[in-house]
Amino acid sequence: MTETAARGDDDVLIVVDIQNDFCPGGALAVPRGDEVVPIINRLAARFRNVVLTQDWHPRGHLSFASTHRGRKPYESIAASYGPQVLWPDHCVQETRGAAFHEQLHVPHAALIVRKGIDKSIDSYSAFYENDRKTPTGLVGYLRERGFTRIHLAGLAFDFCVRYSAEDARREGFEVFVVEDACRGIDIENSVAGTRASLMALGVPCIAAQNLA
Ligand SMILES: [Zn+2]
């Protein structure tokens, strides 16, 4: 597996969740999450095809600890579809926290995929909700556009980027994670677990400068 890739009409960059709530000062801040914004701006300028994702929850969403009496953020509950980590309220639809970081500059992005919209199910992946069955429609979009190679960048490395990369690989796309354009939350060694999982699936973690 090559560690670099040329970018052309077959390539798409997916920029994951560059939103105020995931940046320092936000409700669910990823440490140093804002550092990726200029990196992603430069990266995206090198791609003809870019998709943005946006975590976009209704109030009272199942993934919010505040929805469950006596529960605290970062605890896990048994949801109908499996274990679900509880988070502080974040990325509530039409709030400032849910808006893209104001320095994000990707005017040529063709599509914004909003996820986590259903109150009763979370969605880390840009492709499938956390039941791993309900599609967002992004696979269909990418196939119809003829893209075969996906690069992923954004927040958080060990949650939404990870699940998106894993689903994309399982769908048969060639996938690269641009790791210096990501930052992680790192709960219970989840960053190391993400690297191991991606390696096992044949998803290289590359540096932006190694893009051909
Ligand atoms: Zn969320």
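The values are calculated or read from the model by the stated rules, or taken from the named source; none is laboratory data. Predicted model only: the values in this text are computed from it and were never measured. Don't worry about glycine lacking a Cβ; one is built from the backbone with ideal geometry, like all the others, and counts go over all protein chains shown.
Mind checking which residues of region 57-78 are in contact with a helix residue (DSSP H, G or I) (Cβ under 6 Å, 6 or more places away or on another chain) and not small (Gly, Ala, Ser)?
Arg71, Lys72, Pro73
Quickly run through region 11-56 and pick out the residues that are among the charged types (D, E, K, R) and on the phi < 0 side of the Ramachandran plot. Give the steps one after another, and end with the answer.
Of all residues in region 11-56, those among the charged types (D, E, K, R) come to 11, 17, 21, 32, 34-35, 42, 46, 48, 55.
Listed by number, the residues that qualify are Asp11, Asp21, Asp34, Glu35, Arg42, Arg46, Arg48, Asp55.
Name every residue in region 62-85 that is among the aliphatic types (A, V, I, L, M) and either in a loop (DSSP other than H, G, I, E, B) or more than 15 Å from the ligand (Cβ to nearest atom) (or both), in order of residue number. Reasoning before the result, please.
Going residue by residue through region 62-85, those that are among the aliphatic types (A, V, I, L, M) are 62, 65, 77-79, 85.
Within region 62-85, Leu62, Ala78 meet the criteria.
Would you call Asp55 within 24 Å of Gly137 (Cα to Cα) and either touching a Cys at 6+ places or on another chain (Cβ under 7 Å) or modelled with pLDDT under 95 (or both)?
Details: within 24 Å of Gly137 (Cα to Cα): yes; either touching a Cys at 6+ places or on another chain (Cβ under 7 Å) or modelled with pLDDT under 95 (or both): yes.
In short, yes.
Give region 56-104 a look and list any residue that's among the aromatic types (Phe, Trp, Tyr) and farther than 16 Å from Lys119 by Cα, or say none.
Tyr74, Phe100
Listed here are the residues, each with its yes/no results for (1) over 28 Å from Arg132 (Cβ atoms); (2) without any contact (Cβ under 8 Å) to a residue 60 or more places away in the chain; (3) aliphatic (A, V, I, L, M).
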site	(1), (2), (3)
Ile18	no, no, yes
Gly25	yes, yes, no
Ile39	yes, no, yes
Asp55	no, no, no
His61	no, no, no
Ala78	no, yes, yes
Tyr81	no, yes, no
Ala99	yes, no, yes
Gln103	yes, no, no
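How about region 29-61: which of its residues are surrounded by 21 or more Cβ atoms within 10 Å (Cβ to Cβ), assigned to a loop (DSSP other than H, G, I, E, B) and of a type in the set (A, V, I, L, M)?
Val30
Counting only residues that are over 16 Å from Pro38 (Cα atoms) and of a type in the set (Val, Ile, Thr), which one in region 97-126 is farthest from the ligand (Cβ to nearest atom)?
Checked region 97-126; the qualifying residue farthest from the ligand (Cβ to nearest atom) is Ile112.
Out of the strands (runs of 3 or more DSSP E) lying entirely within region 107-212, which hold 1 or more residues that are surrounded by fewer than 22 Cβ atoms within 10 Å (Cβ to Cβ) and acidic (Asp, Glu)?
On the way: elements: 111-115, 149-155, 174-183.
Per the criteria, 174-183.
Within region 171-180, does at least one residue satisfy the condition of being closer than 16 Å to Val50 by Cβ and in contact (Cβ under 8 Å) with a residue 60 or more places away in the chain? Quick ask: steps written out before the conclusion?
Let us first name the residues in region 171-180 that are closer than 16 Å to Val50 by Cβ, namely 173, 175-178.
With in contact (Cβ under 8 Å) with a residue 60 or more places away in the chain added as a condition, the list becomes 176, 178.
Yes, the conditions are met somewhere in region 171-180.
Any chance region 72-83 includes a residue that's closer than 20 Å to Ala156 by Cα and surrounded by 21 or more Cβ atoms within 10 Å (Cβ to Cβ)?
no
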